[in-house]
1. Of the numbered conditions (1) open to solvent by less than 40 Å² (accessible area, probe 1.4 Å); (2) part of a loop (DSSP other than H, G, I, E, B), Gln81 satisfies every one except a single condition; which is it?
2. Would you pick out the residues in region 154-185 that are within 30 Å of Glu42 (Cβ to Cβ) and touching a helix residue (DSSP H, G or I) at 6+ places or on another chain (Cβ under 9 Å)?
3. Could you list, in sequence order, all residues of region 88-113 that are assigned to a loop (DSSP other than H, G, I, E, B), open to solvent by less than 30 Å² (accessible area, probe 1.4 Å) and among the hydroxyl-bearing types (Ser, Thr, Tyr)?
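The values are calculated or read from the model by the stated rules, or taken from the named source; none is laboratory data. Please read all numbers here as calculations on a predicted model, not as lab measurements. Methodologically, a virtual Cβ is constructed for each residue, glycine included, from the backbone with ideal geometry; neighbour enumeration extends over all protein chains shown. Just so you know, the surface numbers come from the protein's heavy atoms only, side chains and all, with ligands and any DNA or RNA stripped out. Shrake-Rupley method; radii C 1.70, N 1.55, O 1.52, S 1.80 Å.
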Amino acid sequence: LTKDWIEQVELGAAFDVASSDHKPVYTVLRLPTYNLPSLVDETVISIRLSLDQVKCFRLPPMDQNGLADPFLQLIGTWFPQSSKNCSTVVKKTLNPVFHGIPDIKSGISNPLRLMHNYLIIKVSDKDVMSSSTIGYTVLPLRWFLPENGKSQRTKMFRHHLMKGGVYVGSAVIQGQVTITIERGE
């Protein structure tokens, strides 16, 4: 592969890692995909992931008023990254309920290829000029994929928030994931 085939989508500092030796970075690369016969399902038109009833409990205070202004950012390698993958900000709370979380449409057309992918839900605090990470959770998509030829599956999740590989106090995020597979004739 040459640099004409590889596109760097994002470069940044890794999630906060407690280390005195180095500060790790990450990059997201877009590589060409090849539609091999075993990787393509011609009957699939689209795969959509929806998040509903997402709530956090016991978030740490991030602002001087002892509260936070949290919002969610959805991160994954199987869908295009954009600022549209964020929820609205919930002002002045440590126990937010998130509304307006955008649905994600997969760039992969075969549900079996999503079996080994993840969705990262990052909870951040919005400030006037910037935002800071409160914590995140990682959801393996295999937990939520429809089974036995069904076109949809809905399942609840409840996880502790992590930051730098350590629990963020007793902060918890919970919600409902729905994956819908739309098939053509």
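1. Single failed check for Gln81: (1).
2. Lys155, Val177, Ile179, Ile181
3. Ser106
Yes/no per residue for (1) touching a Leu at 6+ places or on another chain (Cβ under 7 Å); (2) under 22 Å from Cys56 (Cα atoms):
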| residue | (1), (2) |
| --- | --- |
| Asn117 | yes, no |
| Thr133 | no, yes |
| Val138 | no, yes |
| Leu141 | yes, yes |
| Lys163 | no, yes |
| Gln174 | no, yes |
| Ile181 | no, no |
